[in-house]
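**Student:** The following block contains the structure, expressed as structure tokens.
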Amino acid sequence: FTNIPQTNGDPQFTYSYNPCISYYEGYSSCSYGSTAACQYTENDNYYMLGDASTETMYIDSDTGNNYLQYDNGDDGRVTKVYLMCDQNVDSPSITADGDGDTPLTYIYHLTTKCACPGGCSDSSIPTVPPTKPGGGGGGGRENSGKSGVAPGEIGIVLVIVMVTGFVTYFVVGAVVLNRKFEKEGKEMIPQKDLWFSLPFLVKDGCVFTFGPLVNLIRRKVGKGGGDYENIK
């Protein structure tokens, strides 16, 4: 459900909600892919109203209606989606009341015959989240300007590029040395002397960098080290 207006007609806020799967939308935490409900303001700010992984069903003690609750929204926001039974409704409809009665607790009413006992049979559930869900609304974090690309995906791409470049360097270098300079065996390794001496260079670098620190620690604990000897 996208572009859901607030029931009191306040144009500042619009909402979105997906009862089936998590989705991403806009900026800030709504773009992280775990959203169940999101709010959008006319100032172009997005606020996650609940995490899809926290979905829990309760029964309202006053009305007896079932509702789905989503926790861990921005700044402690909580969403409650009341499931309204109507056997005559073929296409579900939804309203968003905002958080007027209880601050940071957002109320939706989802009307569908599937909320009735035996109201509808199981149907296929979408597996691909919408790429651009509709609005969401007020109060929360400001637009952070982040895109929907997760930092981990960037790291994976960089690692793949580095490994590919490294392998290409050795393969192309070995082919050139073999075909053009008729090298064989270890002589086919590009810049062989550098790679064979690399472990020793790394060792020397570590000794140079951490040696003074090790000596200092040893002197502090009374074990000597460096240019000093223990006094007996």
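The values are calculated or read from the model by the stated rules, or taken from the named source; none is laboratory data. It should be emphasised that the depicted structure is a prediction, and the values quoted were computed from it without experimental measurement. Ideal geometry is used to build each Cβ from the backbone, glycine not excepted, and the neighbour counts take in all protein chains shown.
**Student:** Suppose the filter is part of a helix (DSSP H, G or I) and modelled with pLDDT of 90 or more; does SER53 pass it?
**Tutor:** Working: part of a helix (DSSP H, G or I): yes; modelled with pLDDT of 90 or more: yes.
For SER53, the condition - part of a helix (DSSP H, G or I) and modelled with pLDDT of 90 or more - is met.
**Student:** Assuming ILE4 fulfils every condition listed in (1) surrounded by fewer than 22 Cβ atoms within 10 Å (Cβ to Cβ); (2) of a type in the set (Val, Ile, Thr); (3) modelled with pLDDT of 90 or more apart from one, which condition is it?
**Tutor:** (1)
**Student:** Just checking, which of THR111, THR164 is polar (S, T, N, Q), within 30 Å of PRO11 (Cα to Cα) and at pLDDT 85 or above?
**Tutor:** Sole residue among the options that is polar (S, T, N, Q), within 30 Å of PRO11 (Cα to Cα) and at pLDDT 85 or above: THR111.
**Student:** Going residue by residue through the range 59-68, is there one that turns out to be crowded, with 19+ Cβ neighbours inside 10 Å and farther than 22 Å from ALA115 by Cβ?
**Tutor:** no
**Student:** Give me the residue from the range 88-108 that is crowded, with 16+ Cβ neighbours inside 10 Å and either free of Cβ contacts under 8 Å to residues at least 12 places away in the same chain or β-branched (Val, Ile, Thr) (or both) and, out of that set, farthest from ASN8 (Cα to Cα).
**Tutor:** It comes out as VAL89.
**Student:** Output the number of the condition that CYS116 fails; it satisfies all remaining conditions of (1) over 25 Å from SER28 (Cβ atoms); (2) modelled with pLDDT of 90 or more; (3) not aliphatic (A, V, I, L, M).
**Tutor:** Condition not satisfied by CYS116: (2).
**Student:** For the range 27-42, name all the residues that are over 13 Å from the mean Cα position of the chain (by Cα) and either of a type in the set (D, E, K, R) or buried (at least 24 other Cβ atoms within 10 Å of the Cβ) (or both).
**Tutor:** ALA36, ALA37, CYS38, GLN39, TYR40, GLU42
**Student:** Within the range 56-89, how many residues are in contact with a strand residue (DSSP E or B) (Cβ under 9 Å, 6 or more places away or on another chain) and in a loop (DSSP other than H, G, I, E, B)?
**Tutor:** Here the count works out to 9.
**Student:** If you don't mind, there's one more thing I want to ask. Does MET188 fit the bill of being touching a helix residue (DSSP H, G or I) at 6+ places or on another chain (Cβ under 7 Å) and free of Cβ contacts under 8 Å to residues at least 40 places away in the same chain?
**Tutor:** yes
**Student:** Output the number of the condition that GLY152 fails; it satisfies all remaining conditions of (1) at pLDDT below 85; (2) of a type in the set (Gly, Ala, Ser); (3) surrounded by 12 or more Cβ atoms within 10 Å (Cβ to Cβ).
**Tutor:** (3)
**Student:** Another one. Considering only the range 56-93, state which residues are at pLDDT below 90 and touching a Leu at 6+ places or on another chain (Cβ under 9 Å).
**Tutor:** Answer for the range 56-93, where residues must be at pLDDT below 90 and touching a Leu at 6+ places or on another chain (Cβ under 9 Å): just ASN65.
**Student:** Say we look at the range 7-26 and pick out the residues that are touching an Asp or Glu at 6+ places or on another chain (Cβ under 9 Å) and part of a loop (DSSP other than H, G, I, E, B); which of these is surrounded by the fewest Cβ atoms within 10 Å (Cβ to Cβ)?
**Tutor:** If we take residues in the range 7-26 being touching an Asp or Glu at 6+ places or on another chain (Cβ under 9 Å) and part of a loop (DSSP other than H, G, I, E, B), then PRO11 is surrounded by the fewest Cβ atoms within 10 Å (Cβ to Cβ).
Rundown of residues vs (1) loosely packed, with under 11 Cβ neighbours inside 10 Å; (2) at pLDDT below 85, yes/no style:
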residue	(1), (2)
THR131	yes, yes
GLY137	no, yes
THR168	yes, no
ALA174	no, no
